[in-house]
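The values are calculated or read from the model by the stated rules, or taken from the named source; none is laboratory data. Not measured: the values here are computed from a predicted model. Note that each Cβ is placed from the backbone with ideal geometry, even for glycine, and that neighbours are counted across all protein chains shown. What goes into the accessible areas is simple: the full protein's heavy atoms, side chains included, and nothing from ligands, DNA or RNA. Shrake-Rupley method; radii C 1.70, N 1.55, O 1.52, S 1.80 Å.
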2 protein chains.
Amino acid sequence: MKKYIKLYRDALLKDVIPFWEKYSIDYNSGGYFSCLDRFGNVYDEDKFMWPQARQAWVFSMLYNKVKKKREWLKIAKNGIDFIKNHGMTNDGDFYFSVAKNGVPLIQPYNIFSDCFAAMAFSQYAVASGDESVKQLAVQTYFNILKKQNNPKGAYEKSTGNRSLKSFALPMILSNLVLELEQFLDKDEVEKMIDTSINDIMTIFLDKESGLIYEFVKPDGSLENSFNGRLINPGHGIEAMWFMIDIGVRRNDIDLINKATSTIIRILEYSWDDKYDGIFYFMDAKGKPPQQLEWDQKLWWVHLESLVALSKAYLHTNRKDVWDWFEKVHDYSWKHFSDPKNGEWFGYLNRQGEVLLDMKGGKWKGCFHVPRAMYQCWKTFENI
Amino acid sequence: MKKYIKLYRDALLKDVIPFWEKYSIDYNSGGYFSCLDRFGNVYDEDKFMWPQARQAWVFSMLYNKVKKKREWLKIAKNGIDFIKNHGMTNDGDFYFSVAKNGVPLIQPYNIFSDCFAAMAFSQYAVASGDESVKQLAVQTYFNILKKQNNPKGAYEKSTGNRSLKSFALPMILSNLVLELEQFLDKDEVEKMIDTSINDIMTIFLDKESGLIYEFVKPDGSLENSFNGRLINPGHGIEAMWFMIDIGVRRNDIDLINKATSTIIRILEYSWDDKYDGIFYFMDAKGKPPQQLEWDQKLWWVHLESLVALSKAYLHTNRKDVWDWFEKVHDYSWKHFSDPKNGEWFGYLNRQGEVLLDMKGGKWKGCFHVPRAMYQCWKTFENI
């Protein structure tokens, strides 16, 4: 395991973090540039709240868990201040994007901006001891809960005649509640964990196929429509490592075993036997998916699989889990990493060739790569 | 030219139209199924207003321009009645989608549903002489004009702090006004044509690059952002044959020549020298586009190019135009057509392999293939 410890730790501390430290920090206007080309040059200056919040979370987390480096805290603060000053509305919602100087561009239609902001505030409150940021974290968390049954608000285009429940929200809440644990009431935490486990492992995890569906009917049954048939393998696998974390916390071996089996089942279902790699989207009935990008290979899908597999192996010692880890590991490092220029590519075509050679954009920022490197490093230290 | 006349006419009348006649008509609930797999089997029963309206337009147009077949009028009526009874709100807006039985699913957030409905109503009013449908066509046209400065209404996510004008609307209006010509005031028609020519050929057509931009600032200047850099080659080329039609109508040789040069310029810019075919999206500054599907080859892009090139050749007799026609023709028939099962595939990967093997879906229906076959057939008869 020594080889893996060194590989993931060095990638985090000597490649990925230095890349973002060097190229992404906007000390003039505040916040971060996330649109970086393969060399780290900024190619677009707009600031999207997903990568703003996620990068502030990463640097706060590193400060809390890896090393008390003043530089990391300063970088985290640069993002937190920008989000507080320019990312929030008076109602405590979060814009989707703002201009370089903070002028709001896209309205808060997306509740995940709020989720990532709450995570960032919480980690930063721990790192800095800033009481006002702690209050913001808690306030944002409860604002998310208030909106959870209508996350898009006035921007919801569905008539409501055939509502579907989305997997994304219980999935992220299962992680968010642990992120905010120290600032929440113990009962609130346990209640949310119970709800999450039930939603994810009973409602969205389909017994018959063993797969996680992205959308189900309000009564939990499946719907035969584009959204109702949608499988997002990376989402399902990522949620399974959140479940393993909860299983460890509760010493719930059954939950860990069930999550592990689900990881393997999803991987078997979504692995591309022709060109290797994990598909981005699939249709549970094999119909044509509406996502034109369905066959592409995305960085986060593979990184979350590595985290999930390493954790599953730590707790189950299953040989098939290890074999899958090595398979995904080999594919990922061969195709996504860019040791010459730093960080990972994000988007490959089905054949495994780089489709977009940027290191960051509207959605990809400083998050999945460093979080996965950290998680794998620490998991291997425990194996 | 005889070979091309026969090829495009036979494809229309012996392949494409029979395919939709055989598989798509829902005489039980009304309207059409657009989600058809490669063999014509229905794989999803939801009804999307884009393909509903476009198919009603195609069958009305065939009745008006090709042959007075009672069956075609009946098929058109089946769609028109469904749109009237289930596709419209009380305000005269059009849902994006409804269920098989007409229950509304997705709200009217998309003004193009209205544009295609107006086209369908107009062609059907001509075909049937139905006065109430004629009224609907005119009413829908003016409702579109009323909404044109805020086409998404309450669903607009932009804050308005950095508004951009979209090319799609003037482009479609330049075609729509000719579709409705017989039912509109002469002054209204000429005014709209003047506005469209100016918008398209002066504002969105960039002098320096010779390319059509998808979005410009309100003052017509370019913006350095994802949307501001976006080039949609198929859109630009399609608009150029609308301009040629207007040029013919007005006997404006300069407009025809300028449109022809723009077609060639866009093709040179967006042709994939490695695998052939026309890219779906490009970034004018060569930055990574935000559309993950940017390198795919889409049926409508190639078909609209064939229409544009055939019309440009008819009116200019330029050899380079003819060479481009043959190049796009050869690529398209080789990769998109499916003589064994009928109709064309819609979505190829960059390499030209079929990415989604359906014949119709949420966006692809009975429209671009038959319209292009008809247009090329008729154009070749005039060459």
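Screening the candidates B:212, B:197 for the property of being among the aliphatic types (A, V, I, L, M) and in contact with a strand residue (DSSP E or B) (Cβ under 7 Å, 6 or more places away or on another chain) yields one hit, B:212. Scanning region A:112-135 for residues that are of a type in the set (A, V, I, L, M) and in contact with a Lys or Arg (Cβ under 6 Å, 6 or more places away or on another chain) gives a single hit, A:125. Within region A:102-119, the residues that satisfy the criterion of being of a type outside the set (Phe, Trp, Tyr) and within 11 Å of another protein chain (Cβ to nearest Cβ) are A:102, A:103, A:104, A:105, A:106, A:107, A:108, A:110.
Please go through region A:108-118 and pick out each residue that is surrounded by 20 or more Cβ atoms within 10 Å (Cβ to Cβ) and farther than 12 Å from residue A:183 by Cβ.
Correct list: A:108, A:110, A:111, A:113, A:114, A:115, A:116, A:117.
Take residue B:252 and tell me if it is without any contact (Cβ under 8 Å) to a residue 12 or more places away in the chain and open to solvent by less than 60 Å² (accessible area, probe 1.4 Å).
Values: without any contact (Cβ under 8 Å) to a residue 12 or more places away in the chain: yes; open to solvent by less than 60 Å² (accessible area, probe 1.4 Å): yes.
Considered against the rule, which asks whether it is without any contact (Cβ under 8 Å) to a residue 12 or more places away in the chain and open to solvent by less than 60 Å² (accessible area, probe 1.4 Å), residue B:252 comes out as yes.
When you look at residue B:332, is it hydroxyl-bearing (Ser, Thr, Tyr) and either in contact (Cβ under 8 Å) with a residue 40 or more places away in the chain or over 30 Å from residue A:351 (Cα atoms) (or both), yes or no? In short, no. Inside region A:255-268, residues that are open to solvent by 20 Å² or more (accessible area, probe 1.4 Å) and of a type outside the set (Gly, Ala, Ser) make up a count of 4.
Checked against the criterion of being in contact with a Gly (Cβ under 9 Å, 6 or more places away or on another chain), under 23 Å from residue B:112 (Cα atoms) and surrounded by fewer than 24 Cβ atoms within 10 Å (Cβ to Cβ), region B:241-249 contains not a single residue that satisfies it.
How many residues are within 24 Å of residue A:340 (Cβ to Cβ) and in a helix (DSSP H, G or I) when one looks only at region A:32-61?
Taking region A:32-61 and keeping what is within 24 Å of residue A:340 (Cβ to Cβ), we get A:32-44, A:51, A:55, A:58.
Then keep just the ones that are in a helix (DSSP H, G or I); that gives A:51, A:55, A:58.
Result for region A:32-61: 3.
The set of residues from region B:120-165 being open to solvent by 70 Å² or more (accessible area, probe 1.4 Å), within 14 Å of chain A (Cβ to nearest Cβ) and of a type in the set (A, V, I, L, M, F, W, C) comprises just one member, B:154.
Among the residues in region A:230-246, are any within 24 Å of residue B:295 (Cα to Cα), hydrophobic (A, V, I, L, M, F, W, C) and touching an Asp or Glu at 6+ places or on another chain (Cβ under 6 Å)? Before you say what the answer is, go through the steps one by one.
Start the filter on region A:230-246 by keeping residues that are within 24 Å of residue B:295 (Cα to Cα), which leaves A:230-234.
If we keep only those that are hydrophobic (A, V, I, L, M, F, W, C) as well, we get A:230-231.
Narrowing the set further to residues that are touching an Asp or Glu at 6+ places or on another chain (Cβ under 6 Å) leaves A:230.
Checked region A:230-246: at least one residue is within 24 Å of residue B:295 (Cα to Cα), hydrophobic (A, V, I, L, M, F, W, C) and touching an Asp or Glu at 6+ places or on another chain (Cβ under 6 Å).
Applying the set (1) surrounded by fewer than 24 Cβ atoms within 10 Å (Cβ to Cβ); (2) within 18 Å of the chain's Cα centre (by Cα) to residue B:60 leaves exactly one unmet item: (1). Would a scan of region B:58-74 turn up a residue that is under 24 Å from residue B:356 (Cβ atoms) and in contact (Cβ under 8 Å) with a residue 24 or more places away in the chain? So far as region B:58-74 goes, yes, one or more of its residues are under 24 Å from residue B:356 (Cβ atoms) and in contact (Cβ under 8 Å) with a residue 24 or more places away in the chain.
Among the residues making up region B:85-101, those that are more than 18 Å from residue A:157 (Cβ to Cβ) and either within 9 Å of another protein chain (Cβ to nearest Cβ) or crowded, with 16+ Cβ neighbours inside 10 Å (or both) are B:92, B:100.
Restricting attention to region A:198-210, which residues are surrounded by fewer than 21 Cβ atoms within 10 Å (Cβ to Cβ) and either aliphatic (A, V, I, L, M) or in contact with a Leu (Cβ under 6 Å, 6 or more places away or on another chain) (or both)? A:201, A:203, listed by residue number.
Pairing each residue of region B:269-292 that is within 9 Å of chain A (Cβ to nearest Cβ) and open to solvent by less than 60 Å² (accessible area, probe 1.4 Å) with any residue that is part of a helix (DSSP H, G or I) and of a type outside the set (Phe, Trp, Tyr), provided the two are 6+ apart or on different chains, yields C-beta distances under 8 Å for B:280/B:233; B:280/B:234; B:280/B:301. Test residue A:361 against the criterion of being crowded, with 22+ Cβ neighbours inside 10 Å, within 11 Å of chain B (Cβ to nearest Cβ) and out of contact with any Asp or Glu (no Cβ under 6 Å at 6 or more places or on another chain), and give yes or no. Considered against the rule, which asks whether it is crowded, with 22+ Cβ neighbours inside 10 Å, within 11 Å of chain B (Cβ to nearest Cβ) and out of contact with any Asp or Glu (no Cβ under 6 Å at 6 or more places or on another chain), residue A:361 comes out as yes. Against the list (1) open to solvent by 10 Å² or more (accessible area, probe 1.4 Å); (2) in contact (Cβ under 8 Å) with a residue 60 or more places away in the chain; (3) part of a loop (DSSP other than H, G, I, E, B), the condition residue A:366 fails is (1).
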